[in-house]
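Engineer: For reference, the structure I am asking about is given below.
The values are calculated or read from the model by the stated rules, or taken from the named source; none is laboratory data. Quick caveat, the model's predicted, so the values are computed rather than measured. Here the Cβ positions follow ideal geometry from the backbone for every residue, glycine too, while neighbour counts run over all protein chains shown. Accessible surface is based on the protein model in full, side chains and every heavy atom, while ligands, DNA and RNA are left aside. Shrake-Rupley method; radii C 1.70, N 1.55, O 1.52, S 1.80 Å.
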Amino acid sequence: MCEKCRGNYYITTPIYYPSAKLHIGHAYCTVATDTMARFKRLQGYNVMFLTGTDEHGQKIEDKAKAAGKTPKEFLDEIVEGPRGILDLWKLMNISNDRFIRTTDDYHVASIQRIFKKMHDNGDIYKGVYKGKYCKPCESFWTESQLVDGKCPDCGREVVDAEEEAYFFKLSKYADRIQHLLEDTDFLEPRSRVNEMVNNFIKPGLEDLCVSRTSFSWGIPVDFDPKHVVYVWVDALSNYITALGYENDRYNDYKKYWPGINIVGKEIVRFHSIIWPAMLMSLEVDPYLLAEQFGVDALRFFLMRTFPFGSDGNFSNELLIQTINTDLANDLGNLLSRTTAMVNKYFGGSLPAGCGATEDEKQLAAMVRMGSSVELAANGDTVDPVLYDAQLVAQAAGLKKAYAHEMDTFAPHNALSETFKLIQRANKYIDENAPWALAKDMEANGARLAHVLYNLLEATRICGILLTPFMPESMEKLFAQIGVGAEARTWESADLWGELPETAAVVKGENLFPRLDLDKALAELEAAEAAAKKAEQPDVEVEPQLTETVDFDTFCKSDFRVVKVKACEAVKKSDKLLRFTLDDGTGTDRQILSGVHKFYEPEELVGKTLAAIVNLPPRKMMGLESCGMLLSAVRTEKGEEKLNLIMLDDQIPAGSKLC
């Protein structure tokens, strides 16, 4: 593709709200965007790929306060800290060109200018907001928009809200937004258009609250500083501020705008209604899955399994089955069988003259030009050349079908088309039975070499088209079948015979080994448990009670020193130990305590403990317990820990604690 033919291509993820670690849904959206960006680069476009984080709002402020941190400290840990968002995107091999944080200085300055410009245009005015507010979504709703009294987006509870606020005249743009949605391809998939028009525009667009005064973590309205800019105005504008709109950081707005926004269905309303109106005046851990099964396997699974615009039901079982079926059985099998046979029968390099025939090249050219080709067998006897032609024709037609699916944002269909060729190539192996040809190399050696060349060539074409999905694995695939840079371009993806005939072929590592389902699930479960434990605080104690106890009430509790004379496990109980105690009265006291998880009975005999002795007796497992031993409890890495309060053995039994 000549330089003049190449265009600019701007694509973005939504910017993610970092109130907690990202989940598999965030990974899906980012991998999908990355796949499209890599596809467009492969085609020769000058791509700008943006992702980032939306870092303002009441939820961030509340979560930071609960964590004992400033909002920026809280955010820095999630975004830039170990196993944070930037680490995750590096692990997932995300090829973004820019990463924006809405706390970036240039973005803050841009938002203040944008807000003032909209205000000066007469599209923003001051009023009082009264209505319902969903804190998790940072969204305002009218009573009529609620579903069963709850947020229509996330289904959570809403609260009444009333405060002074600035409003954006969203209603002013209703007709233009409806035209944009219904009469253009602004929103894909089209199934979402009716939802937006019928649920939000036709009932009557209400003006949008675009500032808040009830919290402070946001971008101040510079001409009215007690207000902070409403989070969605702040967040949606990132797509243009990251290009240099209303700032001096970048100068790419005219070059790249407008672009493609890949968003989740839960924020379609904001991107398809609020954002264009503004322009007219915006719990599965992906770390564990990537580390357990490989980054490319996870990328592939997300793109293969979940179509854009549809709900996806993720399960570990489905992930493992997809890896085994598509990657291990189909692609992995094709690669390993082909490279093994080239090495076994030809020492790793096919002979000169084994490559594409002129007939095959002409057939590929005809398919490329759109000519209809009939390739059916006549009678029961099949000429092996027909198998060659069928493989060549399918390979030559793949690029066009693949490009159509990618350009219409259906990467799952693009993968389906690619795997049809992979499956056809595996069938081609069975049709030609190379192992049978190899029994008589003198008679069949040339045919065997041509069959293996065709398999390598089909694998090369598939490797090119799978590169946007699994970039690292396809580099390894190309290395194994000897594909140089000139034979892995977009332009060569529908040409037959581009692989050098004598290319060096190596039997490399198994790129996608088959997984044992039960073993893989058990290992993943163990890894999830370990990761969950690692995320727990080192030490966590229960908060102190706020309710006060008067001194006289406290004095009614009788705390005494006791000596352990005997200790044994209570039958049929995993928790209880039965203590026989010397409490200084001359009569043994029996107390039952649920500490067996932390102590064995024999290690407590002879210890000096503390107990409250004037509690009313109670029956436990048929035994009477007279009092309670004092202990210290806390949580370490999510696991309960307990220590009995042990005193100096020199203190006599019965001594009062005060």
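Engineer: Answer yes if at least one residue in the range 127-146 is among the acidic types (Asp, Glu) and either at pLDDT 85 or above or in contact with a Leu (Cβ under 8 Å, 6 or more places away or on another chain) (or both), and no otherwise.
Structural biologist: No: zero hits.
Engineer: Which of the following residues is under 20 Å from ALA328 (Cβ atoms), open to solvent by 40 Å² or more (accessible area, probe 1.4 Å) and under 29 Å from the mean Cα position of the chain (by Cα): ASN413, ASN510?
Structural biologist: ASN510
Engineer: Say whether the condition of being within 22 Å of GLN362 (Cβ to Cβ) and among the aromatic types (Phe, Trp, Tyr) is met by at least one residue in the range 494-504.
Structural biologist: Checked the range 494-504: at least one residue is within 22 Å of GLN362 (Cβ to Cβ) and among the aromatic types (Phe, Trp, Tyr).
Engineer: Still on this structure, I have one more. In this structure, is THR70 within 30 Å of GLY218 (Cβ to Cβ) and open to solvent by less than 10 Å² (accessible area, probe 1.4 Å)?
Structural biologist: In short, no.
Engineer: Let me ask something else about it. Which one is nearest to ALA493 (Cα to Cα) among residues in the range 28-39 that are open to solvent by less than 10 Å² (accessible area, probe 1.4 Å) and of a type in the set (A, V, I, L, M, F, W, C)? Please lay out each step first, then the result.
Structural biologist: Initial filter on the range 28-39 (open to solvent by less than 10 Å² (accessible area, probe 1.4 Å)): 30-37, 39.
From what is left, the residues that are of a type in the set (A, V, I, L, M, F, W, C) are 31-32, 36-37, 39.
Numbers: VAL31: 23, ALA32: 21, MET36: 17, ALA37: 18, PHE39: 12 Å.
Only one residue fits best here, namely PHE39.
Engineer: Now for a different question. Name the single residue, out of those in the range 306-364 being open to solvent by 60 Å² or more (accessible area, probe 1.4 Å) and acidic (Asp, Glu), that is nearest to CYS29 (Cα to Cα).
Structural biologist: Residue satisfying both the conditions and the ranking: ASP311.
Engineer: If you scan the range 242-283, which residues turn out to be of a type outside the set (Asp, Glu), modelled with pLDDT under 65 and either touching a His at 6+ places or on another chain (Cβ under 8 Å) or part of a loop (DSSP other than H, G, I, E, B) (or both)?
Structural biologist: Just the residues of the range 242-283 that are of a type outside the set (Asp, Glu), to begin with: 242-245, 247, 249-251, 253-265, 267-282.
Okay, now just the ones that are also modelled with pLDDT under 65, so 261-265, 267-282.
ASN261, ILE262, VAL263, GLY264, SER281, LEU282 - these are the residues of the range 242-283 that are of a type outside the set (Asp, Glu), modelled with pLDDT under 65 and either touching a His at 6+ places or on another chain (Cβ under 8 Å) or part of a loop (DSSP other than H, G, I, E, B) (or both).
Engineer: Checking SER473 against (1) among the small types (Gly, Ala, Ser); (2) part of a helix (DSSP H, G or I); (3) farther than 15 Å from LEU335 by Cα, only one condition comes out false. Which one?
Structural biologist: (3)
Engineer: Select from the range 615-658 the residues that are farther than 25 Å from LYS572 by Cα and loosely packed, with under 12 Cβ neighbours inside 10 Å and write down the one among them that is nearest to the chain's Cα centre (by Cα).
Structural biologist: Among residues in the range 615-658 that are farther than 25 Å from LYS572 by Cα and loosely packed, with under 12 Cβ neighbours inside 10 Å, the one nearest to the chain's Cα centre (by Cα) is ALA632.
Engineer: Does HIS107 count as at pLDDT 85 or above, in a helix (DSSP H, G or I), open to solvent by less than 70 Å² (accessible area, probe 1.4 Å) and farther than 22 Å from ILE60 by Cβ?
Structural biologist: It is false that HIS107 is at pLDDT 85 or above, in a helix (DSSP H, G or I), open to solvent by less than 70 Å² (accessible area, probe 1.4 Å) and farther than 22 Å from ILE60 by Cβ.
Engineer: Taking ALA610 as the residue in question, decide whether it is surrounded by 13 or more Cβ atoms within 10 Å (Cβ to Cβ) and in contact with a Phe, Trp or Tyr (Cβ under 9 Å, 6 or more places away or on another chain). First the steps, then the outcome.
Structural biologist: On the way: surrounded by 13 or more Cβ atoms within 10 Å (Cβ to Cβ): yes; in contact with a Phe, Trp or Tyr (Cβ under 9 Å, 6 or more places away or on another chain): yes.
Considered against the rule, which asks whether it is surrounded by 13 or more Cβ atoms within 10 Å (Cβ to Cβ) and in contact with a Phe, Trp or Tyr (Cβ under 9 Å, 6 or more places away or on another chain), ALA610 comes out as yes.
Engineer: So for the range 560-573 (the condition being under 52 Å from the mean Cα position of the chain (by Cα), modelled with pLDDT under 95 and open to solvent by 50 Å² or more (accessible area, probe 1.4 Å)), does at least one residue qualify?
Structural biologist: Yes, the conditions are met somewhere in the range 560-573.
Engineer: Return the pair list, or none, for Cβ contacts closer than 8 Å from residues in the range 615-629 that are over 13 Å from ARG589 (Cα atoms) to residues that are assigned to a loop (DSSP other than H, G, I, E, B), at least 6 apart or on different chains.
Structural biologist: From residues that are over 13 Å from ARG589 (Cα atoms), the pairs are MET620/VAL570; MET620/LEU576; MET621/VAL570; MET621/LYS571; MET621/LYS572; MET621/SER573; MET621/LEU576.
Engineer: It is to be established whether one or more residues within the range 458-477 are surrounded by fewer than 17 Cβ atoms within 10 Å (Cβ to Cβ), over 20 Å from ARG337 (Cα atoms) and in contact with an Asp or Glu (Cβ under 8 Å, 6 or more places away or on another chain). Quick ask: steps written out before the conclusion?
Structural biologist: Let us first name the residues in the range 458-477 that are surrounded by fewer than 17 Cβ atoms within 10 Å (Cβ to Cβ), namely 472, 475-476.
Keeping just the survivors that are over 20 Å from ARG337 (Cα atoms) gives 472.
In the following step, the residues that additionally are in contact with an Asp or Glu (Cβ under 8 Å, 6 or more places away or on another chain) were identified as 472.
Yes, the conditions are met somewhere in the range 458-477.
Engineer: Among the listed residues ALA438, ALA446, identify the single one that is open to solvent by less than 30 Å² (accessible area, probe 1.4 Å), more than 30 Å from LEU42 (Cα to Cα), at pLDDT 95 or above and part of a helix (DSSP H, G or I).
Structural biologist: ALA438
Engineer: Okay, moving on. Looking only at residues that are assigned to a loop (DSSP other than H, G, I, E, B) and more than 20 Å from MET369 (Cβ to Cβ) in the range 478-493, which one is least open to solvent (accessible area, probe 1.4 Å)? If you could, list the steps in order and put the result at the bottom.
Structural biologist: Taking the range 478-493 first, the residues assigned to a loop (DSSP other than H, G, I, E, B) are 482-484, 488-490.
Applying the additional criterion that residues be more than 20 Å from MET369 (Cβ to Cβ) yields 482-484, 488.
Working: GLY482: 26, VAL483: 9, GLY484: 24, ARG488: 63 Å².
My answer is VAL483.
Engineer: Can you tell me how many residues in the range 1-27 are closer than 29 Å to SER492 by Cα and open to solvent by 10 Å² or more (accessible area, probe 1.4 Å)?
Structural biologist: Residues in the range 1-27 being closer than 29 Å to SER492 by Cα and open to solvent by 10 Å² or more (accessible area, probe 1.4 Å): 9 in total.
Engineer: Take LEU415 and tell me if it is in contact with a Lys or Arg (Cβ under 6 Å, 6 or more places away or on another chain) and of a type outside the set (Val, Ile, Thr).
Structural biologist: In short, yes.
Engineer: Also: Say whether the condition of being buried (at least 24 other Cβ atoms within 10 Å of the Cβ) and at positive phi is met by at least one residue in the range 40-48.
Structural biologist: No: the range 40-48 contains no residue that is buried (at least 24 other Cβ atoms within 10 Å of the Cβ) and at positive phi.
Engineer: Just wondering, is there one or more residues in the range 494-502 that are open to solvent by less than 10 Å² (accessible area, probe 1.4 Å), under 21 Å from ARG41 (Cα atoms) and in a loop (DSSP other than H, G, I, E, B)?
Structural biologist: Within the range 494-502, none of the residues are open to solvent by less than 10 Å² (accessible area, probe 1.4 Å), under 21 Å from ARG41 (Cα atoms) and in a loop (DSSP other than H, G, I, E, B).
Engineer: Cβ-Cβ under 7 Å, sequence separation 6+ or interchain: first residue in the range 283-311 and closer than 19 Å to MET406 by Cα, partner modelled with pLDDT of 80 or more and among the aromatic types (Phe, Trp, Tyr). Which pairs?
Structural biologist: These pairs meet every condition: ARG299/PHE469; PHE300/PHE469; LEU302/TYR28; MET303/PHE469; PHE306/TYR28; PHE308/PHE409.
Engineer: Return the total of residues in the range 163-172 being in a strand (DSSP E or B) and either open to solvent by less than 30 Å² (accessible area, probe 1.4 Å) or more than 19 Å from VAL221 (Cβ to Cβ) (or both).
Structural biologist: Residues in the range 163-172 being in a strand (DSSP E or B) and either open to solvent by less than 30 Å² (accessible area, probe 1.4 Å) or more than 19 Å from VAL221 (Cβ to Cβ) (or both): 5 in total.
Engineer: Identify all residues within the range 139-153 that are open to solvent by 50 Å² or more (accessible area, probe 1.4 Å), on the phi < 0 side of the Ramachandran plot and outside any strand (DSSP E or B); write none if there are none.
Structural biologist: Correct list: GLU143, SER144, GLN145, ASP153.
Engineer: Considering only the range 220-241, state which residues are part of a loop (DSSP other than H, G, I, E, B) and under 28 Å from the mean Cα position of the chain (by Cα).
Structural biologist: Scanning the range 220-241 gives TYR230, SER237.
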